[in-house]
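**Q** Below you will find the structure I want to go over with you.
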Amino acid sequence: MEIFTDLFGKIAKQKPSSKTTSLQIIDSTTIPLNKTWFPWAKFRKTKSGIKLHLNLCYLDKDNQYPENFTITNASEHDRNHFEVFVDKAEATYVVDRGYFDYRLLDKMNRDGYFFVTRIKKNTKVTVLDQFEVETPKLTDGQIISDQQVILGGGVNHVTERFRLVTVLTKGQRLLRIVTNRFDVTPNEVADMYQARWHIELFFKHLKQNVAIKNLYSQSEQGAINQVILTLIATLLTYLVKIELNTKATLFLLKKTFHYLMFDPAEDWLGQFKPDD
């Protein structure tokens, strides 16, 4: 953990994040384990598992890095660990609808945090105002409406006034995105939510390319250590990416290193000349 924190500190100095330049994307991924080999990680009747809860700092489509994390049993609910990561005033936190909770949104709003998330299909919405949509077209869809709303009602909690942007994707799916960011365009709200996809790609990279899928130790601490080591390896690779000033993905950097690991370091680094 000390190594992870030290590396993150170095990256944060070189690639600082702020409300206007970054997003905090929060999600989790489950690592399934063999029940016989990992009896301490009880999950379901037929298998064990642990869960990585992660806060990914998103600067742009070419720059993301893990900023904070927790590791729990796979049965742990994501919502229980969300507030561990919410610690930056005026930062914008992007989550999927699995974290959706009326009271949580109100609390974040009161405490000075920004959020972007999807509402559930059965969420009760009361429209207070309709904003004009000047630029409805998106690369992969269309803005249908931009509204000021309150959520909930009846015997349930009623929220503060939020913003609801409805997007029709190219696949003809309706995405209803709620946020307390009124200072950006509806297109930017849609782009913020779409950026959430990068944490899914990050989890895929960890499982397929950085050996998080097959654990070498059957002990609880050994398993946790291996997960932390994969995150450390990711931060080290990202530091190399910063030093080289390259747009190459972490996957490509790691893949090239794998093939050249027994060659001089210059042979590896030479594959990625600084961008002009």
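**Q** Scan (1) outside any loop (DSSP other than H, G, I, E, B); (2) within 20 Å of the chain's Cα centre (by Cα); (3) under 20 Å from Ile25 (Cβ atoms); (4) not charged (D, E, K, R) for the single condition Ile212 breaks and write down its number.
**A** Here Ile212 meets the rest and fails (1).
**Q** Which condition breaks for Ala248 when tested against (1) assigned to a loop (DSSP other than H, G, I, E, B); (2) out of contact with any helix residue (DSSP H, G or I) (no Cβ under 6 Å at 6 or more places or on another chain); (3) of a type in the set (A, V, I, L, M); (4) open to solvent by 20 Å² or more (accessible area, probe 1.4 Å)?
**A** (4)
**Q** Report whether or not Ile3 is touching a residue at least 12 places away in the same chain (Cβ under 8 Å), touching a helix residue (DSSP H, G or I) at 6+ places or on another chain (Cβ under 6 Å) and not in a helix (DSSP H, G or I). Talk me through it step by step, then tell me what you get.
**A** Working: touching a residue at least 12 places away in the same chain (Cβ under 8 Å): yes; touching a helix residue (DSSP H, G or I) at 6+ places or on another chain (Cβ under 6 Å): yes; not in a helix (DSSP H, G or I): no.
Here the answer is no, as Ile3 does not meet what is asked.
**Q** Sticking with this one: Residues that are open to solvent by 10 Å² or more (accessible area, probe 1.4 Å) and touching a Pro at 6+ places or on another chain (Cβ under 8 Å): list the strands (runs of 3 or more DSSP E) wholly contained in the stretch 91-198 that include at least 2 such residues.
**A** Once the strands (runs of 3 or more DSSP E) in the stretch 91-198 are filtered for at least 2 residues that are open to solvent by 10 Å² or more (accessible area, probe 1.4 Å) and touching a Pro at 6+ places or on another chain (Cβ under 8 Å), what remains is 141-151.
**Q** OK, next. Taking the stretch 216-242 as the region of interest, how many residues are within 29 Å of Asp267 (Cβ to Cβ) and either touching a Lys or Arg at 6+ places or on another chain (Cβ under 6 Å) or without any contact (Cβ under 8 Å) to a residue 12 or more places away in the chain (or both)?
**A** Final tally of qualifying residues: 3.
**Q** Follow-up. Determine, yes or no, whether Lys204 is within 18 Å of Asp27 (Cα to Cα) and assigned to a helix (DSSP H, G or I). Reasoning before the result, please.
**A** Details: within 18 Å of Asp27 (Cα to Cα): yes; assigned to a helix (DSSP H, G or I): yes.
The answer is yes for Lys204.
**Q** Another one. Could you list, in sequence order, all residues of the stretch 21-42 that are farther than 16 Å from Ile228 by Cβ, within 17 Å of the chain's Cα centre (by Cα) and among the hydroxyl-bearing types (Ser, Thr, Tyr)?
**A** Of everything in the stretch 21-42, those that are farther than 16 Å from Ile228 by Cβ, within 17 Å of the chain's Cα centre (by Cα) and among the hydroxyl-bearing types (Ser, Thr, Tyr) turn out to be Thr21, Ser22, Thr30.
**Q** Here's another thing I want to ask about it. Which one of Val94, Val133, Val125 is at pLDDT 95 or above and within 29 Å of Arg173 (Cα to Cα)?
**A** On the way: Val133 fails: at pLDDT 95 or above; Val125 fails: at pLDDT 95 or above.
Answer to the selection: Val94.
**Q** Hey, can you tell me all the residues within the stretch 163-190 that are free of Cβ contacts under 8 Å to residues at least 24 places away in the same chain and charged (D, E, K, R)?
**A** Hits for the stretch 163-190 are Arg173, Asp183, Glu188.
The values are calculated or read from the model by the stated rules, or taken from the named source; none is laboratory data. In this text, all values refer to a predicted model and were calculated from it rather than measured experimentally. Positions of Cβ are generated from backbone atoms using ideal geometry, with glycine treated the same way; all protein chains shown enter the neighbour counts. Areas reflect the complete protein model, heavy atoms only, side chains present, ligands, DNA and RNA absent. Shrake-Rupley method; radii C 1.70, N 1.55, O 1.52, S 1.80 Å.
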